[in-house]
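Scroll down for the structure; my scribbles are underneath it.
The values are calculated or read from the model by the stated rules, or taken from the named source; none is laboratory data. Not measured: the values here are computed from a predicted model. Cβ coordinates were reconstructed from backbone atoms using ideal geometry, including for glycine residues, and neighbour counts include every protein chain displayed. What goes into the accessible areas is simple: the full protein's heavy atoms, side chains included, and nothing from ligands, DNA or RNA. Shrake-Rupley method; radii C 1.70, N 1.55, O 1.52, S 1.80 Å.
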Amino acid sequence: MILSRIIIFFSLYLIFTNSIAAEKSKILKKLNSIENIQFNFTQQTNEKVEKGKCILVFPNKLKCNYEDKNKKELIINKKMMAITQKRYGKTLFYPLSKSTFLNILSKNELVKIINESDITINNYFTVIFINEDNSKTLIRFDKENFLLAGWISSDQYNNKIIFEIDIISVNQIINDKIFTLPNRG
């Protein structure tokens, strides 16, 4: 009786382990086939909800236009991030190294994280990544198409940020000029 329970336990464990490995493989295959994505997003920071559209080009290029009264725009180009409030003509610059975006915007880093991290299965395939400062980022992938679905992280003030994405298109021709950072004036 005990032997049969042990055999059943190990059989289920092996099936689950092989299933996780297969899912990881599908996510990596899909990710490796992608050069860029365009998506709608919903970003929730504490109680504040923001929406907009983004274009992500691997590696390390992102442009997001927020649908808000300040006409906020975020541009990441290689190592710098600029957040502009067009309504006020105000731009703030940040080194990308201070952002949780760093690991998500580099396909090589993302592949490394997926290979080295555990995956949990709930509404998404979720990769759990522990940052250098011991903060946790959860990177989500859609269970049906294995595409990036968003992430959950914390900002420098320990605010929880939930960033959900709905991909509109993959591997379209993108004009690189849209990632030009504003002049520092």
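Does SER169 count as of a type in the set (Ser, Thr, Tyr) and farther than 18 Å from LYS63 by Cβ? Against the criterion (of a type in the set (Ser, Thr, Tyr) and farther than 18 Å from LYS63 by Cβ), SER169 does not qualify. Residue pairs whose Cβ atoms lie under 7 Å apart, sitting 6 or more positions apart in sequence or on different chains, and linking a residue in segment 28-52 that is over 25 Å from ILE114 (Cβ atoms) to a partner that is open to solvent by less than 80 Å² (accessible area, probe 1.4 Å) and in a loop (DSSP other than H, G, I, E, B), are THR45/ASN159; ASN46/ASN159; GLU50/ASP68. Can you name the number of the only condition in (1) over 12 Å from the mean Cα position of the chain (by Cα); (2) modelled with pLDDT of 90 or more; (3) within 22 Å of SER33 (Cβ to Cβ) that ALA149 fails? So the condition that ALA149 fails would be (1). Segment 18-70 holds strands (runs of 3 or more DSSP E) entirely within its bounds, and those carrying 3 or more residues that are open to solvent by 30 Å² or more (accessible area, probe 1.4 Å) map to 36-45, 48-57. Restricting segment 71-86 to residues that are under 18 Å from the mean Cα position of the chain (by Cα) and assigned to a loop (DSSP other than H, G, I, E, B), the residue that is surrounded by the most Cβ atoms within 10 Å (Cβ to Cβ) is LYS78. Identify, please: which residue in segment 87-107 is within 12 Å of the chain's Cα centre (by Cα) and among the aliphatic types (A, V, I, L, M) and is, among those, modelled with the highest pLDDT? The selected residue is LEU105.
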